[in-house]
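This report concerns only the one structure given below.
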Amino acid sequence: MKKITLLLFVFALGPAVEVANADFTFGNPTNLGPAVNSFIEDGSPDISADGLTLYFDSYYRPGGLGRWDIWMTTKMEDGDWGTAVPLPPPVNSEFGDSGPCISSDGLSLYFASDRQGTYGSYDIWVTNRQALSDPWGEPINLGQTVNSEAYDNHPSISTDGLTLYFDSRRLGVSGGSDIFVTTRATTNDPWGETVKLWPTISMRNLDSSPDISSDGLALFFDIRIAVRDIWVTTRRTADDDWGTPVNLKPPVNTVYDDTDPSICVDGSMLYFASYRPGGIGRQDLWRVPIEPVVDLNGDGIVDSADMDIMVDHWGENYPLCDIGPMPWGDGIVDDQDRIVLSQYLLTYPGTLAYWKLDETEGDIAYDSAGENNAVVFGEPLWQPEGGMVGGALEFDGIDDYLSTSSFTWSANDSSFSVFVWIKGGLPRQVIISQKDYADWLGAD
């Protein structure tokens with residue numbers, strides 16, 4: 001009988017990891033540097049879906065056309081950001097143009113402007129292009145269904161292009177400004193009625209600069225109480241109500257104004273603007289990495305014990321294990337969390353060997369952690385994108401296997417962990433063995 005076995009495994013030892021009293025922890029914020037920031041004010045960053053282009057606005061920056069202008073910078077091959085440049089007309093104008101938001105396909109750019117044709121002090125506009133290499137078209141005002149006779153700014157478009165968040169100072173807001181949302185059935189339909197996110201989101205303060213995550217389950221924004229701080233609210237599904245907003249606290253927030261959040265697609269990096277010390281000008285653009293707490297039992301090792309904790313709480317609303325999808329989970333422990341944990345199991349510092357199994361052919365499975373390559377025996381089929389995380393091999397269940405002479409182990413040695421993802425198989429079949437099955441682990 002043929003069986004299909006998808007393998008993706010690693011031997012790991014146990015260096016320590018940082019443990020925080022939360023499901024996620026922030027790294028150290030870093031300034032985007034003088035190629036991006038100016039000596040005046042730079043704000044409203046918005047990162048493209050591929051992470052290679054950053055749009056933002058800047059106030060009276062040399063080289064611009066108006067008061068506020070929209071600028072962009074692209075990531076170079078060395079990973080640094082290139083010198084920022086202003087978008088040419090018709091996007092930028094002699095008027096104020098600010099609050100850019102790029103669509104997930106990169107073909108629509110939403111922004112705010114007080115140019116001619118605006119209903120209020122600032123309106124939401126959109127400019128489109130047919131291809132990424134094409135110039136931007138003439139901006140289009142989103143109309144009076146969306147815009148008001150007051151100030152409307154900081155648009156954030158959902159991944160599917162059907163939901164638009166923004167802040168507004170229109171009549172009836174609870175504080176200086178509130179967050180509003182409008183939807184449409186398809187990208188060819190007009191925008192529907194604009195609704196205030198009340199009462200969960202509106203904090204009876206200055207609520208502004210919303211940014212929706214790529215999965216639509218986390219909404220970042222800022223609130224001015226004493227100073228402007230960045231907050232986040234989450235929900236389990238797109239049909240659920242938003243939860244109680246949470247202040248991100250230090251190191252993201254400081255005693256200075258911290259504002260204009262923009263979360264990257266995979267939830268691993270947050271871009272924002274801040275007046276904190278250490279910048280180039282008054283308000284600069286910064287970014288901070290977001291890391292899930294994956295050492296679930298706090299023993300300093302990311303291993304099978306952490307996976308066991310996750311399995312014990314499978315299907316529950318258990319915040320400790322709710323680490324996926326990034327950045328703040330979805331309210332249930334499931335495959336999304338297992339995938340996040342697996343990525344840390346397989347790439348953890350101290351790993352002795354890591355076979356990704358993402359080759360397309362050949363008789364060698366290369367070790368990504370060192371030089372412990374494995375030899376492929378039989379005629380298994382390479383599945384470079386078929387694994388739980390990365391690649392896999394399809395075995396026939398008869399004479400297909402991998403072999404490496406790099407490791408020996410006995411009961412007197414210190415322990416180590418082996419992680420294997422398997423699909424299919426039969427009870428009591430061997431997963432890993434040593435010395436012609438003298439020591440082996442079977443599948444029950």
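The values are calculated or read from the model by the stated rules, or taken from the named source; none is laboratory data. None of the values given here were measured: they were computed from a predicted structure. All Cβ positions, glycine included, derive from the backbone under ideal geometry; neighbour counts span all protein chains shown. Heads up: the accessible areas ignore ligands, DNA and RNA and are worked out on the full protein's heavy atoms, side chains in. Shrake-Rupley method; radii C 1.70, N 1.55, O 1.52, S 1.80 Å.
Data for the structure
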| read-out | value |
| --- | --- |
| Residue under evaluation residue 260, criteria (1) open to solvent by 20 Å² or more (accessible area, probe 1.4 Å); (2) assigned to a strand (DSSP E or B); (3) within 24 Å of residue 71 (Cα to Cα), criterion not met | (1) |
| Hits in region 185-213 - residues which are at pLDDT 85 or above and out of contact with any strand residue (DSSP E or B) (no Cβ under 8 Å at 6 or more places or on another chain) | 185, 186, 187, 188, 189, 190 |
| Any hit, region 315-322, residues being in a loop (DSSP other than H, G, I, E, B) and either under 25 Å from residue 430 (Cα atoms) or open to solvent by less than 40 Å² (accessible area, probe 1.4 Å) (or both) | yes |
| Residues that are open to solvent by 70 Å² or more (accessible area, probe 1.4 Å) and either part of a strand (DSSP E or B) or at pLDDT 90 or above (or both), drawn from region 215-233 | 224 |
| Qualifying residues in region 163-184 (those that are open to solvent by less than 20 Å² (accessible area, probe 1.4 Å) and within 21 Å of residue 258 (Cβ to Cβ)) - the one modelled with the lowest pLDDT | 177 |
| Unique residue being in contact with an Asp or Glu (Cβ under 6 Å, 6 or more places away or on another chain) and among the β-branched types (Val, Ile, Thr) when the list is 376, 288, 340, 294 | 376 |
| Subset of region 156-178 (residues that are within 12 Å of residue 146 (Cα to Cα) and not aromatic (Phe, Trp, Tyr)) | 163, 164, 167, 168, 170 |
| Strands (runs of 3 or more DSSP E) completely within region 345-444 that count 2 or more residues being touching a Pro at 6+ places or on another chain (Cβ under 7 Å) and modelled with pLDDT of 70 or more | 392-394 |
| Only listed residue being of a type in the set (Val, Ile, Thr), in a strand (DSSP E or B) and at pLDDT 85 or above, chosen from 288, 333, 294 | 288 |
| Selection count, region 358-388, where residues are farther than 17 Å from residue 343 by Cα and open to solvent by less than 70 Å² (accessible area, probe 1.4 Å) | 14 |
| Region 59-72 - residue that is within 15 Å of residue 88 (Cβ to Cβ) and in a strand (DSSP E or B) and, of those, nearest to the chain's Cα centre (by Cα) | 72 |
| Residue, farthest from residue 305 (Cα to Cα), within region 1-40, restricted to residues that are at pLDDT 95 or above and not in a loop (DSSP other than H, G, I, E, B) | 31 |
| First in region 287-307 and farther than 17 Å from residue 337 by Cβ, second anywhere and assigned to a helix (DSSP H, G or I), Cβ under 9 Å, 6 or more apart | 299/305; 299/306 |
| Every residue from region 116-131 that is more than 16 Å from residue 194 (Cα to Cα), surrounded by 11 or more Cβ atoms within 10 Å (Cβ to Cβ) and modelled with pLDDT under 95 | 117, 118, 121 |
| Count - residues of region 314-323 that are under 12 Å from residue 24 (Cβ atoms) and out of contact with any Gly (no Cβ under 9 Å at 6 or more places or on another chain) | 1 |
| Those residues of region 41-57 which are part of a strand (DSSP E or B) and open to solvent by 20 Å² or more (accessible area, probe 1.4 Å), in sequence order | 41, 53 |
| Close pairs (6 angstrom Cβ cut-off, 6 or more residues apart or separate chains): among the hydroxyl-bearing types (Ser, Thr, Tyr) in region 211-232, crowded, with 21+ Cβ neighbours inside 10 Å anywhere | 213/263 |
| Residue within region 234-257 that is part of a strand (DSSP E or B) and either within 21 Å of residue 84 (Cβ to Cβ) or open to solvent by less than 20 Å² (accessible area, probe 1.4 Å) (or both) present | no |
